[in-house]
Amino acid sequence: MVGAGAGALLGGPVAAVVLAAYGTLAARAVRRRRLRRAADRAHRRDLDQLGALAADLRAGLPPGGAIGDGPRRVARLARAAVRLADRTGAPLAELLERVEADARAADRGLAAAAAQAAGARATAWLLAGLPLGGIGLGYAIGVDPVAVLLHTPVGGGSAVAAVALQIGGLIWAERLGAAPGRAA
């Protein structure tokens with residue numbers, strides 16, 4: 001909203017639309033990054049608790065507190081391991097250690113996939129930034145491209161279409177490079 005207001009005051013309606021779109025994209029990126037970091041911290045905490053619980057069980061201590069509370073995958077697997085141990089008499093500590101080892105192996109695979117996709121994401125951001133280079137080139141040859149983009153019908157339509165295509169391309173590249181189960 002701040003970007004739209006500033007754009008409307010400084011450059012007119014086209015600038016308002018462009019700045020609102022980029023502001024929304026930036027806010028979305030910040031929000032997604034915070035959510036991803038929080039989810040990663042919770043996942044690591046779940047794995048650490050699972051390992052500690054398995055160690056306590058191996059030492060002969062009773063399981064303390066709730067085992068795997070919450071809807072996350074590790075918690076569901078821990079609850080399933082407890083049910084399996086109750087029904088079959090299988091050693092719970094060994095089951096929990098296997099769940100932890102499997103989750104950590106899956107995390108390593110996801111990290112490798114993210115590293116492979118980093119190049120594609122960087123390319124998408126580079127391509128999205130190329131129009132800024134075009135504007136700079138326009139000024140270098142003595143033209144005022146911002147005035148054309150903001151104050152002519154063809155320029156305004158081109159600017160809005162370019163922003164829509166940039167945002168669509170970035171979202172598409174993000175979805176293509178997202179880890180399984182994390183695309184949203």
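The values are calculated or read from the model by the stated rules, or taken from the named source; none is laboratory data. If you're wondering where the values come from, they're calculated on a predicted model, not measured in any experiment. Note that we place each Cβ from the backbone using ideal geometry, even for glycine, and neighbour counts take in every protein chain shown. Keep in mind that these areas ignore ligands, DNA and RNA; they rest on the heavy atoms of the full protein, side chains included. Shrake-Rupley method; radii C 1.70, N 1.55, O 1.52, S 1.80 Å.
Results, tabulated for the structure shown:
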| quantity | calculated |
| --- | --- |
| Residue satisfying condition, being aliphatic (A, V, I, L, M), open to solvent by 50 Å² or more (accessible area, probe 1.4 Å) and under 25 Å from the mean Cα position of the chain (by Cα), within set ALA140, ALA124, ALA164, ALA103 | ALA164 |
| Evaluation of GLN116 against (1) over 29 Å from the mean Cα position of the chain (by Cα); (2) closer than 30 Å to ALA162 by Cβ (one fails), failing number | (1) |
| Residues of region 135-152 satisfying the condition of being small (Gly, Ala, Ser) and in a loop (DSSP other than H, G, I, E, B) | GLY142 |
| Test: ARG108 is open to solvent by 70 Å² or more (accessible area, probe 1.4 Å), part of a helix (DSSP H, G or I) and over 30 Å from ARG175 (Cα atoms) | no |
